[in-house]
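Data first, discussion second: the structure below is written as structure tokens.
The values are calculated or read from the model by the stated rules, or taken from the named source; none is laboratory data. Here the structure is a predicted model, which means the values were calculated and not measured. When we count neighbours, we look across all protein chains shown, and the Cβ atoms used for this are built from the backbone with ideal geometry, even at glycine. Remember, those area values only see protein heavy atoms, side chains included, never the ligands or the DNA or RNA. Shrake-Rupley method; radii C 1.70, N 1.55, O 1.52, S 1.80 Å.
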Amino acid sequence: MVAAMRSRSLVGLGAVAALALTLGWVLSLATTRVRNWFVMSDELYYERLAISVAQTGSLLPRVHGEIVSNVNQLYPVLLSTVYGGGNVPASLEGAHRLNAFVIVTAAVPVYLLARGLGVGTVLAVAAGGLAVAVPWVVLSSFLLTEVVAYPVFCWAVLAIVYAVERKVWVWDGVALLAVGVAVLARTQFVVLLGVLLVAVAAEAVLC
């Protein structure tokens with residue numbers, strides 16, 4: 001029985017991963033058609049941070065060699081992987097392609113959350129697909145932190161749920177790490193630390 005459940009879970013995970021890759025490829029066909037910046041100051045800012053990481057190898061946020069105040073450094077670090085060649089137009093296209101595949105990774109944690117609710121493999125895969133078939137996927141056409149913040153938020157919520165359910169220090173550590181990564185994606189996600197603490201306290205009181 002347990003083996004059968006694990007087998008179905010692995011099949012479902014493979015299905016949602018394949019779905020995410022397919023959706024990422026379809027989305028990239030649209031995002032790579034964008035040849036310019038639209039939210040000029042913000043997009044150029046994150047591009048400059050990415051170029052700095054690519055050129056210096058330093059993860060610290062720098063613009064024109066000067067350290068700047070920017071906690072949301074996860075996205076520029078991710079972008080730096082396509083900004084090392086010195087060709088800005090090609091790097092911009094690569095960034096838009098990368099955006100498409102990054103944002104659709106939200107499908108996996110949403111699938112796992114749905115599975116945890118006991119909705120079944122098919123509905124869980126559908127939930128994962130719907131998680132990335134939402135209006136804000138258009139943000140993948142811009143060089144903005146929301147691209148990585150959305151999936152990272154979903155992963156952090158999943159880690160918090162696992163930590164509360166499983167009650168072992170390893171998952172507590174994973175949850176704290178996930179919240180830390182989420183804060184590097186968007187500073188506002190520091191509220192997730194409060195969510196974790198409240199969830200742990202509520203679980204202890206109610207159970």
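Among 181, 152, 147, 200, which is open to solvent by 40 Å² or more (accessible area, probe 1.4 Å), hydrophobic (A, V, I, L, M, F, W, C), within 26 Å of residue 81 (Cβ to Cβ) and part of a helix (DSSP H, G or I)?
Values: 152 fails: open to solvent by 40 Å² or more (accessible area, probe 1.4 Å); 147 fails: open to solvent by 40 Å² or more (accessible area, probe 1.4 Å); 200 fails: within 26 Å of residue 81 (Cβ to Cβ).
On inspection, the qualifying residue turns out to be 181.
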Could you pull out the residue among 106, 114, 126 that is part of a helix (DSSP H, G or I), open to solvent by less than 50 Å² (accessible area, probe 1.4 Å), out of contact with any helix residue (DSSP H, G or I) (no Cβ under 8 Å at 6 or more places or on another chain) and of a type outside the set (D, E, K, R)? 126
Can you name the number of the only condition in (1) without any contact (Cβ under 8 Å) to a residue 40 or more places away in the chain; (2) of a type in the set (Phe, Trp, Tyr); (3) crowded, with 20+ Cβ neighbours inside 10 Å that residue 171 fails? (3)
Return yes when residue 190 is at pLDDT 95 or above and surrounded by fewer than 17 Cβ atoms within 10 Å (Cβ to Cβ) and no when it is not. yes
Just wondering, is there one or more residues in the range 53-71 that are on the phi < 0 side of the Ramachandran plot, in contact (Cβ under 8 Å) with a residue 40 or more places away in the chain and either surrounded by 12 or more Cβ atoms within 10 Å (Cβ to Cβ) or not in a helix (DSSP H, G or I) (or both)? yes
